[in-house]
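These notes concern the structure reproduced below.
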Amino acid sequence: MEIFGGVRRGQWEDCQTNFEMTSAVRTLLVISSKRRLFNLSRAYPLFSWGRNRSFCRTSMKIHSRPQCPMESHFVRGDHTLRVPMSLFRDNRNRLVDALRKTPGLEENAFVVLQGGDEVPFNDTDINYEFRQESFFQWGFGVEEPGCYGALDITSGKSILFFPRLPAEYEIWCGKLSTLDEFKHRYDVDEAYYVEGIAQVLKKKNAQQVLTLRGLNSDSGLFAKAAEFDGINDFKVDNELLYPVICECRVIKSPQEIEVLRYVAKVSSDAHKVVMRNVRPGMTEFQSESLFKHYVYAVGGCRHVSYTCMCGSGNNSSILHYGHAGAPNNRVIKEGDMCLFDMGGNYCGYAADITCSFPSTGKFTDDQKLIYNAVLSARNAVIEAAKPGVSWTEMHLLANRVMLAALRDGGLLCGEVEDMMNVGLNETFQPHGLGHLLGLDVHDVGGYLSGCPERSVKPGIRKLRTARTLLAGMFLTIEPGCYFVDSLLNAALSNPKQRQYMVVDKISKFRGFGGVRIEDDVLITDDGVENFTQVPRTVEEIEAWMAPGRDSLKLIHEEMIPN
Ligand SMILES: [Mn+2]
């Protein structure tokens, strides 16, 4: 009942409980054994099913649970995770509980959330691929655009409002769902058309209407408060809801954790496929393409959570490489470090994983030095992070450990604390240690009122949160070390910083690029659980990348049909 809300015990008994390998997985096997579309088993070694125990395990785990065709759920084929709609019901219940305790709440209060709308591509009749607005997704899990959701704080009942579509819709987009079908599909108490919102709320004697307005501390943009015809007939409050719903989103429920675990696992496996296939001569975007193919074909992730960053060589020092002006289009060379930051998105929930590795699959001594400096920072944080610990302290810990390793490697000299005091940590890691992760890749709740404010101090001003960790938070841990000419030049021209830099040694690393190691972790009662499962030590990476190095063709050669 906890897992599949909406399904009663009796209904469970008819359900199939023993799944071996589903038809969808078998189909992929067939594709991989023939050379129809392209030879998956040769082009993507992880598709060799005999060796791919990790994916089979994921698959078995999902299907060892009973499944019932009558339950409401989100799924993308039998081989992907089934997300019960009770996840969203539970989120709504958590919100109702929190709001009932919030000062300022009046009698007969209703929450009204407005879902996302289609966004047209300029003046054309084509839309950007739709992704649901995150607060609405969190509360209702609705896939369609143009909807509203309401929540009766007194009774806890939920209502969805769908746009009334013209009959012609069926010709272009398929059968229209009835309100009753929507109601069951999304497991809500009532469903109506959008034009009826004010009327329905009035009938229910709604007095106070809570809408969502608040500043996103990462983007500087505001959440869009719901607007509908007749809203002015109610007492509208657009301030009370935002901090409460954000705090609910910060702490992940057991069901949300399972979705995050799934999308992190699928994204980890996709990174592993990419690592095995990367070699000099390949173009960066081919890694992006491979990643997206894997997370979609195997994981059912139609979207990635952010633009894929596949920097090689010096591009690996560009923090948000991969944007329109630099679209992962460099040919990877021998001796390059690769820094690939990519994460799938499933049922709205995000992964955000970075792997750094040498293009040849073998680290040079310089690459090992920088990589191990970052790895030691990451390991220190994984050891130390737990409830009650300040995220700012974790950031500074990572910086200290990394600067010490760079000093031991001969790039810096002097006392680490002195380097920290003059802000040299920001020269090598110009970003924060990590961020909250959930439906949004930079998830909400980093700087809510009542939490520590953003610092203006060099070294910690880039942090996306300064909060004290709580059990149930989900964050990235992503220390990095980069050789950015403009930052090195600035440090070298500042005598306070220059005194700790070994100029000759550092100049050899210009053009090296950077290293980042990014994991997605859950804060547990006594530490962290790392959901990212990729090779991390130098030895693990070299062992993982070694098989088939010499015989593998480049993807664009492999895929040309006969
Ligand atoms: Mn990140």
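Among the conditions (1) more than 20 Å from the chain's Cα centre (by Cα); (2) under 26 Å from E426 (Cα atoms); (3) crowded, with 18+ Cβ neighbours inside 10 Å, C308 misses just one, which is (1).
Residues are listed down the side, and each one gets a yes or a no for (1) away from the ligand (no atom under 14 Å from the Cβ); (2) closer than 25 Å to G220 by Cα; (3) at pLDDT 95 or above:
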site: E415; (1), (2), (3): yes, no, yes
site: L424; (1), (2), (3): yes, no, yes
site: Q429; (1), (2), (3): no, yes, yes
site: L436; (1), (2), (3): no, yes, yes
site: L439; (1), (2), (3): yes, yes, yes
site: D443; (1), (2), (3): no, yes, yes
site: G446; (1), (2), (3): no, yes, no
site: G450; (1), (2), (3): yes, yes, no
site: E453; (1), (2), (3): yes, yes, no
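Taking residues in region 342-371 that are over 13 Å from C301 (Cα atoms) and in contact (Cβ under 8 Å) with a residue 40 or more places away in the chain, and partners anywhere that are among the hydrophobic types (A, V, I, L, M, F, W, C) and within 15 Å of the ligand (Cβ to nearest atom), the pairs with Cβ atoms closer than 6 Å and at least 6 places apart or on different chains are D352/L437; D352/V441; C355/F340; C355/V534; S356/L339; S356/V515; I370/V515; Y371/V515.
Suppose we keep only residues that are away from the ligand (no atom under 16 Å from the Cβ) and in contact with a Gly (Cβ under 8 Å, 6 or more places away or on another chain) within region 467-483. Which one would you say is nearest to E453 (Cα to Cα)?
Taking region 467-483 as the starting set, the residues that turn out to be away from the ligand (no atom under 16 Å from the Cβ) are 467-472, 483.
Imposing the further condition that a residue be in contact with a Gly (Cβ under 8 Å, 6 or more places away or on another chain) reduces the set to 467-469, 483.
Values: R467: 9, T468: 12, L469: 15, F483: 29 Å.
Looking at the filtered set, the residue picked out is R467.
Take R510 and decide whether it is more than 30 Å from G472 (Cβ to Cβ), in contact with an Asp or Glu (Cβ under 7 Å, 6 or more places away or on another chain) and surrounded by fewer than 20 Cβ atoms within 10 Å (Cβ to Cβ). Taking the combined requirement at face value, the residue satisfies it.
Note on region 290-299: residues that are in contact with a Ser or Thr (Cβ under 9 Å, 6 or more places away or on another chain) and either aliphatic (A, V, I, L, M) or surrounded by fewer than 22 Cβ atoms within 10 Å (Cβ to Cβ) (or both) amount to 2. Could you list, in sequence order, the residues of region 327-384 that are within 16 Å of the ligand (Cβ to nearest atom), part of a helix (DSSP H, G or I) and in contact with a Cys (Cβ under 9 Å, 6 or more places away or on another chain)? Passing the criteria: V374, A377.
Screening region 192-213 for residues that are free of Cβ contacts under 8 Å to residues at least 60 places away in the same chain and under 33 Å from the mean Cα position of the chain (by Cα) and picking the one that is farthest from F182 (Cα to Cα) gives R213. Of all residues in region 98-117, those that are touching a residue at least 60 places away in the same chain (Cβ under 8 Å) have Cβ atoms under 9 Å from Cβ atoms of residues that are in a helix (DSSP H, G or I) and among the small types (G, A, S), 6 or more apart or on another chain, in V111/G139; L113/G139. Put simply, of K496, K462 the only residue that is within 16 Å of the ligand (Cβ to nearest atom) and surrounded by fewer than 17 Cβ atoms within 10 Å (Cβ to Cβ) is K462. Condition check for S390 on (1) more than 14 Å from the ligand (Cβ to nearest atom); (2) surrounded by 16 or more Cβ atoms within 10 Å (Cβ to Cβ); (3) touching a residue at least 24 places away in the same chain (Cβ under 8 Å): one failure, at (2). Of the set (1) in contact with an Asp or Glu (Cβ under 7 Å, 6 or more places away or on another chain); (2) farther than 21 Å from A543 by Cα, all apply to T307 but (1).
Note on region 314-326: residues that are part of a loop (DSSP other than H, G, I, E, B) and more than 19 Å from H271 (Cα to Cα) total 5. Here S219 meets the list (1) in contact with a helix residue (DSSP H, G or I) (Cβ under 9 Å, 6 or more places away or on another chain); (2) among the polar types (S, T, N, Q); (3) over 27 Å from P163 (Cα atoms) almost entirely, failing just condition (1). Taken together, the residues in region 281-295 that are touching a strand residue (DSSP E or B) at 6+ places or on another chain (Cβ under 8 Å) and either closer than 20 Å to A546 by Cβ or assigned to a helix (DSSP H, G or I) (or both) amount to 9. Looking across region 289-313, the residues that are under 27 Å from F363 (Cβ atoms), in contact with a helix residue (DSSP H, G or I) (Cβ under 9 Å, 6 or more places away or on another chain) and in contact (Cβ under 8 Å) with a residue 60 or more places away in the chain come down to S289, L290, Y294, G311, S312. A543 meets all of the listed conditions (1) under 23 Å from R279 (Cβ atoms); (2) in contact (Cβ under 8 Å) with a residue 12 or more places away in the chain but one, namely (2). Scan region 507-520 for residues that are farther than 16 Å from H271 by Cβ and within 16 Å of the ligand (Cβ to nearest atom) and the total you get is 1.
The number of residues in region 458-503 that are outside any loop (DSSP other than H, G, I, E, B) and over 25 Å from L215 (Cα atoms) comes to 17. Of all the numbered requirements in (1) on the phi > 0 side of the Ramachandran plot; (2) crowded, with 21+ Cβ neighbours inside 10 Å; (3) not acidic (D, E), M501 misses one, and that requirement is (1).
The values are calculated or read from the model by the stated rules, or taken from the named source; none is laboratory data. Given the structure is predicted, the values throughout are model-derived calculations rather than measurements. Please note: Cβ atoms are built from the backbone with ideal geometry, for glycine as well, and neighbour counts cover all protein chains shown.
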